[in-house]
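In what follows, a single structure is set out as structure tokens and then discussed.
Please treat every number below as a calculation from the coordinates, not as lab data. This structure is a prediction, so every number in the text was calculated from the model and none was measured. No Cβ is skipped: glycine too gets one built from the backbone with ideal geometry, and neighbour counts run over all protein chains shown.
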Amino acid sequence: MEEIRRIKRELAYKGRIINIYKDYMALPNGHTAVWDFVEHKGAAAVVAVTKEGKLLMVRQYRNALERDTLEIPAGALNYVGEPKEQCAARELEEETGFRAGKLTWLMNINTTVAFCNEFIGVYLAEDLIPSRQHLDDDEFLNVEEHELDELLAMVFDGRITDSKTAAALMAYKLKRG
């Protein structure tokens, strides 16, 4: 494959968790293209399993989709380079009110490789310890418990479309056996 290279990057928008750039790209055919690039500082997500084997999920409104979604607990890193395991532990407690007695890496994903570098570390939380939920001021969600097979059915019938959740549920199913 012939080389494609970036000539220039211009910041178009600076946000709280993302920055949007215009990338000027030199193409193999000699033309120049302008591509959008969304820079994300990274995130962590958690498949949280209760002692009964149910998964803790969060239902929350997502502005981009203009509807509620059912997702695994997750959140952005506080800063670039924050250890993803630390972020996963924090987000689990903040969103669900539980801490993990055991937190292990499950998988890594890039959510939207065509235009965004968001990288999410996904962890498995077991031996849950009741703690205290403490949501951000702009965060409103409900915690629900679901059976894995029920959640997988929701992925395959289109009720769960969130990529991190779908990938994490399938990875957990394979790991669990």
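Between (i) 35; (ii) 40; (iii) 46, which entry matches percent of Cα pairs over 23 Å apart as derived from the coordinates of this structure?
This structure yields the entry labelled (iii).
So which lysines can residue 51 reach, going by Cα to Cα under 16 Å and dropping same-chain residues fewer than 8 places off?
Of all the lysines, those that pass the test against residue 51 - Cα under 16 Å, at least 8 places apart if same chain - are 102.
Sorted from fewest to most neighbouring beta carbons within 10 Å, what does the list 122, 38 look like?
If I rank by nearby Cβ atoms, fewest first, I get 38, 122.
Helix by helix, which DSSP H runs in the chain go 30 Å or more along their axis at the Cα atoms and have an average Kyte-Doolittle hydropathy of 0.0 or more?
none
For the stretch 134-177, state which GluC sites (Glu not before Pro) are in a DSSP loop and have at most 15 other beta carbons lying within 10 Å of their beta carbon.
Within the stretch 134-177, the qualifying GluC sites (Glu not before Pro) (loop, at most 15 other Cβ atoms within 10 Å) are 139, 147.
If you average the sequence gap of Cα pairs under 8 Å that are 6 or more apart and divide by the length of the chain, what percent do you get for the contact order?
RCO, the chain: 21 percent.
For labels at residue 8 and residue 139 in the simple 7 Å Cα→Cβ model, what's the distance in nm?
Spacing of the two 7 Å Cα→Cβ label points: 4.0 nm.
Between the stretch 90-134 and the stretch 147-168, what's the alpha-carbon centroid distance in Å?
16 Å
Can you spot the lysines whose alpha carbon is less than 28 Å from residue 8's alpha carbon? Ignore those fewer than 8 places along the same chain.
Leaving aside lysines fewer than 8 places away in the same chain, those within reach of residue 8 are 22, 41.
Which GluC sites (Glu not before Pro) from the stretch 23-74 combine a DSSP loop assignment with at most 13 other Cβ atoms within 10 Å?
Within the stretch 23-74, the qualifying GluC sites (Glu not before Pro) (loop, at most 13 other Cβ atoms within 10 Å) are 52, 66.
Given the options 114, 88, 100, state which has the largest fluctuation in a GNM of the chain using a 10 Å cut-off (strictly under) for Cα springs.
Result for the chain, Cα springs under 10 Å: 114 fluctuates most.
With runs of 4+ DSSP H residues as the only contributors, calculate the mean residue ellipticity of the chain at 222 nm using -39,500 (n - 2.57) per run, divided by the residue total and rounded to the nearest 500.
My calculation for the chain gives -6500 deg cm²/dmol from helical runs alone.
Mind checking which aspartates and glutamates have their C-alpha under 16 Å from residue 175, skipping anything on the same chain fewer than 8 residues away?
Within the straight-line limit of under 16 Å, residue 175 reaches these aspartates and glutamates: 126, 147, 149.
Using a Gaussian network model of the chain whose springs link C-alpha atoms within less than 10 Å, name the residue from 64, 33, 76 with the highest mean-square fluctuation.
64
For the chain, the longest stretch holding no chymotrypsin sites (Phe, Trp or Tyr not before Pro) located in a DSSP loop with at most 14 other Cβ atoms within 10 Å is which?
With chymotrypsin sites (Phe, Trp or Tyr not before Pro) excluded where exposed in loops, the chain gives 1-78 as its longest stretch.
Between residue 17 and residue 51, what FRET efficiency comes out of the Förster formula 1/(1 + (r/R0)^6) with R0 = 41 Å and r the beta carbon distance, rounded to 0.05?
Step by step, r from the Cβ atoms, then E = 0.75.
Could you calculate the FRET efficiency of residue 26 with residue 79 from 1/(1 + (r/R0)^6), where r is the beta carbon distance between them and R0 is 35 Å, rounded to 0.05?
With R0 = 35 Å, the Cβ-Cβ based efficiency is 0.60.
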